[in-house]
Amino acid sequence: MSIRESVKHFLRMCGHAASSTIHERLDVLDQELGGANLAETQAALLQAAIHSAERLDQLTNYTLVDTNGEPAQCPEAGLIDFLCSYIPSRKTLDLGAGDAVSQCLNANGYEVHVDHCAETAMAIASIDRSETLPREMKSRGFPWSLVVYRLPQSDRVGFYANASRVAPNGGGSIFFFRDYDLFAQALNWCSAVLVRTYFRSSS
């Protein structure tokens, strides 16, 4: 091998060594950065867990008192009674809520109207006659809704909020709200007392 070829060979070997060293350094740097990301991720997860625990404590900071099965007979009665303290005026629109709910409204001092033109904070209808009602009520200024219903073949009572359609199973009522704060109070009560319902695609 000539001197020229020897020098070329030497330079090539040095090049491979330098390239190899750079790759090794990049691998080490990548591992260090990965470790830093892992530490940041773990810190974020820990903060999220602490926040969730604090939120759970706030949500469970209440006392439930047994009412001898009254919610099972007329679950709407408990919600109507609870909302007395939060509704700005007890004017309510009755869209065919049914006798039991109407009696409960009257017993709690609500001013019940059947005229759609009445300016009310809340409206109530029976779910068996309200298939398209949620969309109609939104256009009338009641953007929030809660459905309180009896679970089929069960004594338990469920609820769901702001559904675009109403599930046909079981009897119950749909509450419409003009004001978000009143809706939020109703949602808090339902979350504490009733079984939350979620929808999923049948496919």
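One table, with the values for the structure above:
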| read-out | value |
| --- | --- |
| Within segment 71-96, considering residues that are closer than 16 Å to residue 157 by Cβ and among the small types (Gly, Ala, Ser), the one surrounded by the fewest Cβ atoms within 10 Å (Cβ to Cβ) | 72 |
| Out of 112, 101, sole residue that is of a type in the set (A, V, I, L, M, F, W, C), surrounded by 12 or more Cβ atoms within 10 Å (Cβ to Cβ) and in a strand (DSSP E or B) | 112 |
| Inter-residue pairs, beta-carbon under 9 Å, first more than 17 Å from residue 126 (Cβ to Cβ) and in segment 97-110, second part of a loop (DSSP other than H, G, I, E, B) and at pLDDT below 90, 6+ apart | 108/90; 109/90 |
| Within segment 179-203, tally of residues that are without any contact (Cβ under 8 Å) to a residue 12 or more places away in the chain and part of a helix (DSSP H, G or I) | 2 |
| Condition met for residue 141 (assigned to a loop (DSSP other than H, G, I, E, B), more than 15 Å from residue 176 (Cβ to Cβ) and either assigned by TED's automatic domain parsing to the domain that holds residue 179 or under 27 Å from the mean Cα position of the chain (by Cα) (or both)) | no |
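The values are calculated or read from the model by the stated rules, or taken from the named source; none is laboratory data. From a predicted model like this one, the values you see are computed outputs, not experimental measurements. Positions of Cβ are backbone-derived with ideal geometry, glycine not excepted, and every protein chain shown enters the neighbour counts.
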